[in-house]
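**Q** To start, I am sharing the structure in question, which I have written as structure tokens.
Please treat every number below as a calculation from the coordinates, not as lab data. Keep in mind that what you see is a predicted model, and the values were worked out from it rather than measured. So basically every Cβ, Gly included, is an ideal-geometry build from the backbone, and we count neighbours across all protein chains shown.
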Amino acid sequence: MHRSPLIAANWKMYPIPEGALAPDSAYRPRAGVETLVFATFLDLTTCIEAGLPTGAQCGHPEEKGAHTGDVSMAMLKKIGCAAVLCGHSERRKDHGEEDRFIAEQADAASRFGLHPVVCVGETETERKSRRHKSVVERQIKALPHHLMTIAYEPVWSIGTGVIPSLDQIQEMHAFIRSLLPPARQKVTRILYGGSLKPDNAEGILALPDVDGGLVGGASLKPESFAELMRLAQGAPKK
Ligand code: PGA
């Protein structure tokens, strides 16, 4: 059983990068590497109609209701989304999303036929006080037992250009894998996220428990994304 690599673009609150919708765009899957683009709600339909594998950056667990400003998983599925990000650290911080709500999102995503990509990761303070494993363990243990993709994103590495050492990344990915139900350990993709760029990705993507990346800043530049795709090609993990 192989886990084929996935390179996912998190475009955050930025417009669709120029050229991303073209038939030969860097954001389309190629032999041996899958892609996903996480676009703003406003850009989802455009990406879907262009045939890009598309996901939303969050979704509400309830099917419908009095939740001003929210969009439900059911609605995302209906317009053709394939996936949804759950629990990105910017959602945890800016919108007070907590483990339980994130678990409800992941659960609802699966029930409505979307693939959940769930983000976990410790803050700088948690890493410095050596609580990174216990924090990530709490985040993982809160999740439902559905098939999902996990993204390990140390918060101190997001958008900062500071990346953990290869040993630290492999240690956390292997640790996360060990926390999954036994039947899920070999089949669950665990992406690395946090300042992933062409010049640091080769070693990271080659690590045995890294199955691709969740990419913010570098995903806004098609040439950088194309290079990340190239580096991920031919790196399936057992
Ligand atoms: P970054 O963002 O690549 O800009 O660090 C990653 C993310 O937030 O998913």
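**Q** Work out, step by step, the length gained on full extension between Q168 and K12: first 0.36 nm times the residue separation, then minus their alpha carbon distance; give nm to one decimal.
**A** Going from the current span to full extension adds 53.6 nm.
**Q** Now, a different point. Rg to Rh for the range 51-147: what is it, with Cα atoms only and Rh by Kirkwood?
**A** Expressed as Rg/Rh, it is 1.01.
**Q** Give the aspartates and glutamates reachable from K128 as a straight Cα distance under 13 Å; neighbours fewer than 8 places away on the same chain don't count.
**A** Those aspartates and glutamates meeting the cut-off do not exist here.
**Q** If you don't mind, another one. Would you pull out the residues with amide H under 5 Å of V37's amide H, same chain only if 5 or more places away, H placed 1.01 Å from N?
**A** Amide H neighbours of V37, under 5 Å, 5+ apart: A9, T54, G55.
**Q** Starting from 0.36 nm per residue, how many nanometres of slack lie between V187 and I79 once their C-alpha separation is accounted for?
**A** 36.1 nm
**Q** So, one more: For the range 19-24, just list the computed ³J(HN,Hα) in residue order, Karplus coefficients 6.51, -1.76 and 1.60, θ = phi - 60°, integers in Hz, with x standing in for Gly and Pro.
**A** Going residue by residue, I get x, 5, 8, 5, x, 9 Hz, with x marking Gly and Pro.
**Q** Quick one: grab Rg to one decimal and Dmax as a whole number for the range 74-126, Cα atoms only, in Å.
**A** 12.0, 40
**Q** Report the residue, chosen from A106, A218, A183, that carries the largest GNM mean-square fluctuation when the chain is represented by alpha-carbon nodes joined by springs under 10 Å.
**A** Looking only at A106, A218, A183, the largest GNM fluctuation is found for A183.
**Q** Would you mind checking the pairs K12/K93; K186/K237; K12/K221; K186/K238; K197/K221; K12/K141 and listing those with alpha carbons more than 18 angstrom apart?
**A** With Cα atoms farther than 18 Å apart: K12/K141.
**Q** Also, quick follow-up: If you average 1/r across every pair of different Cα atoms in the chain and take the reciprocal, what Kirkwood value do you get, in Å?
**A** The answer is 17.6 Å.
**Q** Just to be sure I understand: of the beta bridges DSSP finds with both ends in the chain, what percent are antiparallel, rounded to 5?
**A** Counting only bridges with both partners in the chain, antiparallel ones make up about 5 percent.
**Q** Still on this structure: How far apart, in nanometres, would the label points at H67 and R100 be if each is projected 7 angstrom from Cα along the Cα-to-Cβ direction?
**A** 1.5 nm
**Q** Long-range amide H contacts for V118: which residues qualify at under 5 Å (H placed 1.01 Å from N, peptide plane, sequence gap of 5 or more or a different chain)?
**A** C86, T149, I150, A151
**Q** A further question follows. To two decimal places, what compactness ratio does the range 185-224 give when its Cα radius of gyration is scaled by 2.2 N^0.38 Å?
**A** 1.20
**Q** Continuing with the same structure: With a bin width of 10 angstrom, please list the P(r) values of the range 153-238 as percents of all Cα-Cα pairs, from the 0 bin to the one holding the largest distance.
**A** Going from the shortest bin to the longest, the percentages are 18, 51, 27, 4.
**Q** Determine ³J(HN,Hα), in whole Hz, for all residues of the range 103-117 in sequence, where each value follows from phi through the Karplus function 6.51 cos²θ - 1.76 cosθ + 1.60 and θ = phi - 60°; x replaces Gly and Pro.
**A** Karplus-based 3J(HN,Hα) across the range 103-117 equals 4, 5, 5, 4, 5, 5, 4, 4, 5, 9, x, 9, 8, x, 10 Hz.
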